[in-house]
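First comes the structure, then the notes that go with it.
Since every read-out is calculated from the coordinates, none of them should be taken as a lab result. Since this is a predicted model, take the numbers as computed values, not measurements. Note that we place each Cβ from the backbone using ideal geometry, even for glycine, and neighbour counts take in every protein chain shown.
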């Protein structure tokens, strides 16, 4: 209830922004695409965020360790030369899939680093997959994937 | 001013390299349940130079505790202020800024 109220306020604040700065304004994807954040599968989260898309697997460089000893802070880098509008990062190890959704400013550089928490992968047959989807300013969608092992989970403790 | 962030912004050629550490527990729903606390994590981060948004991300509970992030952008000069704002699930918001070196 509290959260709903808060998100509602966020939407109102967005609407209240003057149209003149819309090109450089912020987008709160948690408010505009709430279902993307509660989806438990990567496919469902992608669909909730972007709709029915058929992305091409090219142009995205995901930097992740192939084996992460601890899932508490796994370094993740995403780089791309694609003229991107939106960059989304998902994974199949945690209870929900959506991890980050970037609204890329015009002429922005897609070279982002962040540290994320991942659950241990041994329960899932030893491998986890991080998936990135880019929505280009050309209207096309691109996808990139990277497989990794997480020895010790980072979400429990 | 409370130090809730560590910000570094350095101009290299025509690109600004920004490096940030935000102070936040980033308590996931599972962690919160185990600890008997309320889940709370940063849900949005925006960086601006003047009125221009240079970094804008909707985040999840899966960013690490005291999340660390880096990004690059163009179009600012040495001495410009890079202002970073985060908002969390409970509606707390913090803005801190640093001059680009």
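Values for this structure:
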read-out	value
For the protein assembly as shown, diffusion coefficient by Stokes-Einstein and Kirkwood Rh (Cα), 4 °C, 1.567 mPa s, µm²/s	70 µm²/s
Between the stretch B:1-32 and the stretch A:89-122, the Cα center-to-center distance that results, in Å	16 Å
Ranking of B:12, B:35 by count of other Cβ atoms within 10 Å, fewest first	B:12, B:35
Simple spin-label estimate for residue B:51 and residue B:101 in nanometres, 7 Å along Cα-Cβ	3.1 nm
Relative contact order (percent, whole number), the stretch A:33-150, Cα cutoff 8 Å, 6+ residue spacing	32 percent
Cα-derived Rg over Rh, computed across the stretch A:33-150 with Rh taken as Kirkwood radius	0.95
Descending semi-axes in whole angstrom, ellipsoid equivalent of the stretch B:1-70, from the Cα gyration tensor	28, 12, 11
Of all DSSP beta bridges in the stretch A:33-150, antiparallel share, percent nearest 5	90 percent
Peptide B:41-48, shielding by other chains (average Cβ, 10 Å cutoff)	4
